[in-house]
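Taking it in order: structure first as structure tokens, then the write-up.
Values in this text are rule-based calculations from the coordinates and carry no lab data. Not measured: the values here are computed from a predicted model. Note that each Cβ is placed from the backbone with ideal geometry, even for glycine, and that neighbours are counted across all protein chains shown.
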Amino acid sequence: MFPLSIHTYFEIAALLAAIIFWPKLKLTKLRWLLPFLLFMLSVEMAGRYMRTVQHVSNAWLYNISVPIEFLFYGFIFYHHYTRKSFMLIAEYFLILFAIFSVGNILFIQGFYKFNTNILKLGSFFMIILSCLYFTELLTKEEPVNFLKEPMFWLTAGVFLFNTGEFFYSLFSDYLIKNHLDRPRKIFSEINNKLIWVLYTCIVISILCTGKNRQRA
Amino acid sequence: MYREESAESLRQIIIGGTLAFLVLAGFVIFFLVMYLNRKRKHYIEKEKMRSAYQEELLRTQLEIQEQTLKTISEEIHDNIGQALSLAKLKLNTLKYDQPDLLVEKINDSRELVSKAIRDLRDLSRSLNTDSIASMGLVRAIELELELFRKSGFETTLYTEGEIRKMEPQQELILFRIVQESLNNIIKHAEARTIRVTALYTATELDVQVEDDGKGADPEQLDMEGNSFKSLGLRNMYNRARMIGGTFTIHSVPGNGTIIKLNIPINKI
């Protein structure tokens, strides 16, 4: 179990930042980050415990956490869009993705096998939703200092993470079918590095929330 | 062995591809950052210019207000006050035992009071910004010249081209510049004739105020930096610039003065 992998420390750092800046964070739409980060860290620790101590598959755990992760980001995007059409897209995504995830677990890929379909579709939609947020930033009449904008950093993290993950997920079925990534080494290697990027962006996002509020 | 090699090359392809995708995503974010940064700077600059313009407008309004109060004070003191004082003096010296003189003095006093009322009405009309906005620049200048005509000047207003309505604030500023030029003629020029020309083209308005007086003091026309030394001329110059125009003055001692204003109509 110990020592923990490096990417877990990034997750811990993000959670600590959320706890430290909670007084400021709770006043923003990103307040849901704290329970989300707590959930993600718990999943990570439980998954690691199952893999390294119990030596059992933890795929079912990620089959639950991954859709929740995508739905969470979708929910955050939904609340940050100002254009009605973008909100509607996010709303459709939330509903359809939730239905698809349940359907995929129950009828297509099963509960105990890692659900690559969810990963593909989720990553794809995260890229789309991130691009929509960037479009909003581009078309805003009164440009804000986006480098101090928490949502900009969160979106940048989500965009980079899912762009990387999407490429892997395109090959994932082939790799698994042909037993070319059996201990899921490639996936872990890519995923763990992308987690560094994502959680670094989340930390910056939380720090920006604190700074913005202090100025206000 | 072959399988391991193949797995390794596939691994490299996937990692390389992921990296390529990440670099592409990084570029997207980089260009977004650059673009938004430029847009933000441009916006801040525009806001600064807008606020500077507002500040200048406010300053000019204050100057105009001050000038207006000065004009009111002078007008009351020089004309209305004088007329009323004279009327009062005549009424104070009425002698009831001399009926002929009594009637004459009462008639004189009545005329003086009427003149004071007329002067007050003219003053009120020429200072009322609402009426200037509603009647338009050319009509306002025309009425102003009428007052000068009553005071003994020979005046002409010449217009050419299709008269176009401008924004009230700009028309008012332009009118005040013309008004100040006319007041300067009374105060300093010792002129007999005044000629105002308003020339409208598709893109510009040229206004010219011309007199046949003694000409301006060359020292007053000297420039300091890119503006005039004289406060009055500097004010007129700045006001013209504020509405996107130019202000020039030509004067030859003994041969009168010409003030030229050029305002691009599109900017208005």
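DSSP assigns beta bridges within the protein assembly as shown; of those with both partners inside it, close to 75 percent run antiparallel. Just checking the listed ones, B:Asp130, B:Asp211, B:Asp100: in the Gaussian network model of chain B with Cα springs under 10 Å, the one fluctuating most is B:Asp100. Extension gain, B:Arg118-B:Tyr96: 0.36 nm per intervening residue step, less the Cα-Cα distance, totals 5.0 nm. Measuring gaps between exposed loop sites in chain A (chymotrypsin sites (Phe, Trp or Tyr not before Pro); DSSP loop; at most 15 other Cβ atoms within 10 Å), the longest gap, sites not included, is A:1-110. Counting beta carbons within 10 Å around each of A:Leu27, A:Leu61, A:Leu175 and listing the fewest first gives the order A:Leu27, A:Leu61, A:Leu175. Think of each Lys and Arg Cβ as +1 and each Asp and Glu Cβ as -1; about the Cα centre, that makes the dipole of the range B:9-59 roughly 20 debye.
In loop segments of the range B:51-146 as defined by DSSP, the trypsin sites (Lys or Arg not before Pro) with at most 11 further C-beta atoms inside 10 Å of their C-beta are B:Lys95.
When only Cα pairs below 8 angstrom with a gap of at least 6 residues are kept, chain B shows a relative contact order of 12 percent.
By the beta-carbon count within 10 Å of each Cβ, the least crowded to most crowded order of B:Leu22, A:Leu25, fewest first, is B:Leu22, A:Leu25. For chain A, the longest principal axis of the Cα atoms and the long axis of helix A:150-177 meet at an angle of about 20 degrees. By the count of other C-beta atoms within 10 Å, a proxy for reagent exposure, B:Val113, B:Val103 are ordered fewest to most as B:Val103, B:Val113. All other residues whose Cβ lies under 11 angstrom from that of A:Ser123 are scored, Lys and Arg at +1 and Asp and Glu at -1, for a net of -1. Normalising the average separation of contacting C-alpha pairs (under 8 angstrom, six or more residues apart) by the number of residues puts the relative contact order of the range A:6-215 at 27 percent. Compute the acute angle (0 to 90°) between the alpha-carbon long axis of helix A:84-103 and the principal axis of greatest extent of the alpha-carbon atoms of chain A; round to the nearest 10°. The helix A:84-103 is inclined about 20 degrees to chain A. Applying 1/(1 + (r/R0)^6) with R0 = 45 Å to the Cβ-Cβ distance of B:Ile163 and A:Leu147, what FRET efficiency is obtained, to the nearest 0.05? In this case the efficiency is close to 0.30.
Angle of helix A:59-80 to the longest C-alpha principal axis of chain A, folded into 0 to 90 degrees and rounded to 10: 20°.
Quick one: which of A:Lys113/A:Lys177; A:Lys140/B:Lys41; A:Lys148/A:Lys211; B:Lys115/B:Lys214; A:Lys29/B:Lys41 span more than 19 angstrom between C-alpha atoms? Correct reply: B:Lys115/B:Lys214; A:Lys29/B:Lys41.
Please compute the net charge surrounding A:Trp32, taking Lys and Arg as +1 and Asp and Glu as -1 over other residues with Cβ under 14 Å from its Cβ. Once positives and negatives cancel, what remains is +2.
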